[in-house]
1. Considering only residues that are farther than 19 Å from residue 141 by Cα and touching a helix residue (DSSP H, G or I) at 6+ places or on another chain (Cβ under 7 Å), which ones fall in the stretch 118-130?
2. For the stretch 206-222: of the residues being assigned to a loop (DSSP other than H, G, I, E, B) and more than 21 Å from residue 262 (Cβ to Cβ), which is farthest from ligand 1 (Cβ to nearest atom)?
3. Please tell me if residue 190 is surrounded by 23 or more Cβ atoms within 10 Å (Cβ to Cβ), in contact (Cβ under 8 Å) with a residue 24 or more places away in the chain, closer than 22 Å to residue 90 by Cβ and not assigned by TED's automatic domain parsing to the domain that holds residue 137.
4. Only one of 99, 47, 85 is part of a strand (DSSP E or B) and under 23 Å from the mean Cα position of the chain (by Cα); which?
5. Just for helices (runs of 4 or more DSSP H) wholly inside the stretch 257-335: which have at least 2 residues that are more than 22 Å from residue 95 (Cα to Cα) and in contact with a helix residue (DSSP H, G or I) (Cβ under 6 Å, 6 or more places away or on another chain)?
6. Look through 166, 157, 134 and report the one residue that is farther than 17 Å from residue 178 by Cα and either surrounded by 18 or more Cβ atoms within 10 Å (Cβ to Cβ) or within 16 Å of ligand 2 (Cβ to nearest atom) (or both).
7. Go through 399, 425 for me and flag whichever is more than 25 Å from residue 316 (Cβ to Cβ), in the same structural domain as residue 354 (by TED's automatic domain parsing) and out of contact with any strand residue (DSSP E or B) (no Cβ under 8 Å at 6 or more places or on another chain).
Ligand code: ATP
Ligand code: MG
């Protein structure tokens, strides 16, 4: 950080430093001890006092505040951390609030009846308030002796339950902008890793050396792309280079964790941009290899438009609070391969349904080796594909039967996007739109489950 470019502030922060070290010289503090995590180190603590940052308690959820205050009143250190702090500093409404504390999971559990300890490899406490879940993590530390046993041959962290000090916790987080702590004790923001500067520079900087931090948890590369897309941030050069170097490690991430992360990518509200970044950083081949192969092989413009349009539509739905399904996303991402292979297997349009069913099953079987897609979603994708030829049938009883199908709404959206980009006749979308209006009273058996409180999974799988 250089000292002479500090006079524009983030949300009212006034920078007075000229020594190139900190945000607020008055509160600049040498850490009690130099904390080291291999290459990463937290040398300085920059304290941005309550009147020098824009975070107000009004923008923090009541549930998060309750958790912070109860921990604090019980004598524990309690801070908001992660996306909540980052997003509030950027004037974005946070998706959720994460709390970090020096209380152990058992102590947190004792304080909150509505809580449960989750995760074996990374133990956390989930505190539930209705549908809202506050995730509470105990500050992590680094134990040199146990480190070897806690990683696999690739350096991937298998277990991370060594507790430590807040400054150790900071350098074990992924990006500097995710390692800012809002301390409920005095409402100051604590910055151990230069995250405030990176917020101002709008860039994602990995904490520590990419050669250690990506292999420890390759999912951090996907997180980099997600945050870059969502926040419209750049990725700092070494963090960006590291993605090309270590992208192949995504192949060792368990498929169940890949499912969670891929859904976060495509349901982030910035899926269209995420897709561009996945291509730019050459990561698509570890997620959806059949799509990557199709893209290498002279892809048709209309199919490219289809993917783009489907992701733009998904973003619009997410950003306006409409429901979205992983089944639809996988139907979109695998459609180029399914469409191409079914067409080369069967040229007769009237026999297309069995061809789509057969190809769909084969492609899905290959896909689930990389990402374990729960059956209800993989089945939904296959039903969406197999129902596409049925939209051509607009005579007799067939349209009503299709309308009653559980997957109709998603299949209809899919068909309309196809018709928009010229993969299906234009008039079909209009016809089906009008047909639905005429039969608005049709009841469809409920297939999707009732929404459950959000489960969250993170870090080392
Ligand atoms: P959002 O919730 O908006 O998606 P977030 O940054 O809060 O973004 P979470 O998954 O909620 O992401 O995680 C909370 C915080 O935990 C992160 O900000 C980061 O500090 C830390 N964290 C999460 N996953 C990892 C990881 N794989 N490696 C290191 N730190 C992580
Ligand atoms: Mg979060």
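The values are calculated or read from the model by the stated rules, or taken from the named source; none is laboratory data. Note that this is a predicted model, so its numbers are computed, not measured. Here Cβ is always computed from backbone atoms with ideal geometry, including for glycine, and neighbour counts include all displayed protein chains.
1. Result: 127, 129.
2. Step one: list which residues in the stretch 206-222 are assigned to a loop (DSSP other than H, G, I, E, B), which gives 207-209, 217-218.
Keeping just the survivors that are more than 21 Å from residue 262 (Cβ to Cβ) gives 207-209.
Working: 207: 8, 208: 10, 209: 14 Å.
Step by step, filter the stretch 206-222, then rank; the result is 209.
3. Details: surrounded by 23 or more Cβ atoms within 10 Å (Cβ to Cβ): yes; in contact (Cβ under 8 Å) with a residue 24 or more places away in the chain: yes; closer than 22 Å to residue 90 by Cβ: yes; not assigned by TED's automatic domain parsing to the domain that holds residue 137: no.
Judged against the criteria, residue 190 is not a match.
4. Working: 47 fails: under 23 Å from the mean Cα position of the chain (by Cα); 85 fails: part of a strand (DSSP E or B).
So the residue among 99, 47, 85 that is part of a strand (DSSP E or B) and under 23 Å from the mean Cα position of the chain (by Cα) is 99.
5. Numbers: elements: 271-280, 284-287, 289-296, 301-319.
Because the criterion is at least 2 residues that are more than 22 Å from residue 95 (Cα to Cα) and in contact with a helix residue (DSSP H, G or I) (Cβ under 6 Å, 6 or more places away or on another chain), the helices (runs of 4 or more DSSP H) in the stretch 257-335 that meet it are 284-287, 289-296, 301-319.
6. Working: 166 fails: farther than 17 Å from residue 178 by Cα; 134 fails: farther than 17 Å from residue 178 by Cα.
Answer to the selection: 157.
7. Details: 425 fails: more than 25 Å from residue 316 (Cβ to Cβ).
Unique residue meeting the criteria: 399.
Each row is one residue, and each column tells you yes or no for (1) within 19 Å of residue 193 (Cβ to Cβ); (2) within 13 Å of ligand 1 (Cβ to nearest atom).
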| position | (1), (2) |
| --- | --- |
| 115 | no, no |
| 118 | no, no |
| 128 | no, no |
| 164 | yes, no |
| 170 | yes, yes |
